[in-house]
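Student: I have a structure I would like to understand better, so I am pasting it below and will then ask my questions one at a time.
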Amino acid sequence: MDRQVRVEAQAMPIIETRELRKVFRSIKRTPGAGGALRTLFSREYVDKVAVTGVTMALDAGELVGYIGPNGAGKSTTIKMLTGILVPTSGEVRVAGIVPYERRSENARNIGVVFGQRSQLYWDLPLIESFELLRAIYDVSAERYRANMEYFTQLLEMDEFLATPVRQLSLGQRMRGDFAAAMLHDPKVVFLDEPTIGLDVVAKEAIREFIADINRERGTTFILTTHDLADVERLCRRIVLIDHGRLIFDGAIETLRDTYGTHRTLVVELCEPEQHVEIEGAEAELTTPTLARFRFDRRTMSAETLVRRVTERYPVSDISIEEPELESIIRRIYREGYVAEPDTEPATT
Amino acid sequence: MTFRIAPYREFAKKAFAREATYRMEVFTNIGSLLVRLYLMKMVWTALYAQNTAPAGVPLHAIITYTTVALLMSLVLEIDGTRIIRDRVREGSIATDLMKPINLPLYFFSDGVGQTLLHAILIVPSLFLALFIVHVDVPPPLALVAFFFSFALGYVVNFLLNFLMNTVAFWTLETFAIQLIVRWVSDLLGGQIVPLIFFPGFLQKIVLALPFAAVYSTPLLIYTGTIQPSDYARAFASQLAWGTGFAILSTFVWRGALKRVVVQGG
């Protein structure tokens, strides 16, 4: 039984795109007054390829980071998945539905949260927005009560449910927006910069909420963000897009293994030193008692390095720094993705 | 998918509640109406003192006309579809499109909600207006016909606004166009001066324009210029404009949507 369900789930991913492509066409404008006049009569078009050849499949319950620099085609893809943009070519399916053909039906399966844009009623108490959404999605009274109870507790909303949205802090508003997006139990939720502008505490609350819903309800999340800490904390898988093309789709670990060939051993020394040196590692003294050794883990194991260090210096504490996802991604944006990069990025 | 009325009733309720939060604006509306009414009374009285009654309309009739027109404007000046313009400019139209709702119907319900709040204002406004002017009351049949005609005019007015606000999908800004259309429609719609005061040839034209369907037709029914025998014709003309604009709106809306889903807004 269990196996059968799994086979079915594999046979039909919740989100599926094949060779998805979107080209925006606009009228070519020639500068100057004469040019403006010419534009009026002759129609020359310029095509801008926003997304091309994007093929991906997401299984139900996945939490995927959809990453790329500004203008890479992220929001164009999301718009096609939500059905408000018609692809130029290629296929797209969300929960078995072609979004742009049946936008309204698709809308019932999805939820959206935009960090920069609220879908709450500005002038009215927060609770009224929920009641409105209840009517829009036809949520049963029972389900509404259960969800409201759950979200109110998880997001600690009880103290501001009766406050007009315009008087809420950004953190409170975002929590309201999350509850609003989840009220109709969507199968897929698109998050666009959900933690932008939030303080660390609010960020953590939102991240915890996403992880909780994903675990408890098996909701699929696509997280679009520039804050890679969100991705590191929440996602196992990331999809990288640049210039409209998919350049990486896989586990964050794979990316780290490919790019993060170097580690740093941070050592606290018992006695101050003027100079430190270890064979096979780049040494650096941050303070007289704090040394950093950068090493390539392909040529030397951490164990060897630790042994060499402890043999030579009295050590009070030791830790290993992993490369941050952010520096890896930054390098890929700059150089493009290659499966076997041969040089290590300069420390930044 | 089956159609459910519940979301739209809820939209109207929320719009009503939202408008009610702007209490100052509500009071200013009544105040400005009373000032305008007083000025109109002075102007008409002065004009009538120097001239013979135009088109055989006595002073008390013209003052009744003006008062009723101003009370109607409390409802008709509500641009219920300005949220289209706002939401297109903010880009939040995208989130609206991600909901399982019929957007034009959503805008309409929102407009109705706003209108209902302002319609309530008619009662205190009329009460206060009676301190300034005397208002003639027509026979019951004319009164019923007036309200029916007013409702038709409301729909025509709504569709005119809808069309204008939908232009925002192409231009983002519609304020200037709307201001011009508002002035033209107030003048040619008979809100300021009864259309029967226009000279013969011009009168035929303005009465044939859609603007007349908004203010002039219900008002002329109220004042008895349009007799019961002509009610059917008056309603038919309003209905024709309403239907015409509704069809036009459908096409414009489709074009607007296509623009969003193909061009990405």
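The values are calculated or read from the model by the stated rules, or taken from the named source; none is laboratory data. Note that the coordinates shown come from a computational prediction; the quantities given were computed from them, not determined experimentally. Here Cβ is always computed from backbone atoms with ideal geometry, including for glycine, and neighbour counts include all displayed protein chains.
Student: Given (1) more than 25 Å from the chain's Cα centre (by Cα); (2) among the hydroxyl-bearing types (Ser, Thr, Tyr); (3) at pLDDT below 95, where does A:Tyr144 come up short, assuming only one miss?
Tutor: Every condition holds for A:Tyr144 apart from (3).
Student: Could you tell me which of the residues B:Trp183, B:Trp241, B:Trp253 is among the aromatic types (Phe, Trp, Tyr) and modelled with pLDDT under 90?
Tutor: Answer to the selection: B:Trp183.
Student: Within the stretch B:248-264, take every residue that is small (Gly, Ala, Ser) and crowded, with 17+ Cβ neighbours inside 10 Å and give me the one that is nearest to B:Thr223 (Cα to Cα).
Tutor: Out of the qualifying residues, it is B:Ser249.
Student: Also, quick follow-up: Does B:Ser92 satisfy the condition of being of a type in the set (S, T, N, Q) and under 26 Å from A:Pro99 (Cβ atoms)?
Tutor: The answer is yes for B:Ser92.
Student: Please count how many residues of the stretch B:132-182 are hydroxyl-bearing (Ser, Thr, Tyr) and under 13 Å from the mean Cα position of the chain (by Cα).
Tutor: 2
Student: On the given criteria, is B:Phe245 within 14 Å of chain A (Cβ to nearest Cβ), of a type outside the set (D, E, K, R) and crowded, with 20+ Cβ neighbours inside 10 Å?
Tutor: no
Student: Could you list, in sequence order, all residues of the stretch B:70-99 that are assigned to a loop (DSSP other than H, G, I, E, B), in contact (Cβ under 8 Å) with a residue 60 or more places away in the chain and within 11 Å of chain A (Cβ to nearest Cβ)?
Tutor: B:Gly91
Student: What number of residues within the stretch A:151-168 satisfy the criterion of being within 14 Å of another protein chain (Cβ to nearest Cβ), part of a helix (DSSP H, G or I) and either closer than 20 Å to A:Asn214 by Cα or over 29 Å from the mean Cα position of the chain (by Cα) (or both)?
Tutor: Count: 0.
Student: Quick check: is even one residue across the stretch A:175-196 assigned to a helix (DSSP H, G or I), within 29 Å of A:Val92 (Cβ to Cβ) and touching a Ser or Thr at 6+ places or on another chain (Cβ under 7 Å)?
Tutor: Yes, the stretch A:175-196 contains a residue that is assigned to a helix (DSSP H, G or I), within 29 Å of A:Val92 (Cβ to Cβ) and touching a Ser or Thr at 6+ places or on another chain (Cβ under 7 Å).
Student: Run B:His118 past the list (1) at pLDDT below 90; (2) within 14 Å of chain A (Cβ to nearest Cβ) and report the number of the one that doesn't hold.
Tutor: (2)
Student: Can I ask one more? Between residues in the stretch A:90-107 that are on the phi > 0 side of the Ramachandran plot and touching a residue at least 40 places away in the same chain (Cβ under 8 Å) and residues that are hydrophobic (A, V, I, L, M, F, W, C) and loosely packed, with under 15 Cβ neighbours inside 10 Å, which pairs lie under 8 Å by C-beta distance while being six or more apart or on different chains?
Tutor: Close Cβ pairs (under 8 Å, with a partner that is hydrophobic (A, V, I, L, M, F, W, C) and loosely packed, with under 15 Cβ neighbours inside 10 Å) amount to A:Gly96/A:Met12.
Student: Among (1) away from chain A (no Cβ under 14 Å); (2) under 17 Å from the mean Cα position of the chain (by Cα), where does B:Ser109 come up short?
Tutor: Going through the list (1) away from chain A (no Cβ under 14 Å); (2) under 17 Å from the mean Cα position of the chain (by Cα), B:Ser109 breaks only (1).
Student: Output the residues belonging to the stretch B:211-265 that are in contact (Cβ under 8 Å) with a residue 60 or more places away in the chain and of a type in the set (Phe, Trp, Tyr).
Tutor: Selection gives B:Tyr215, B:Tyr222, B:Tyr231, B:Phe235, B:Trp241, B:Phe245, B:Trp253.
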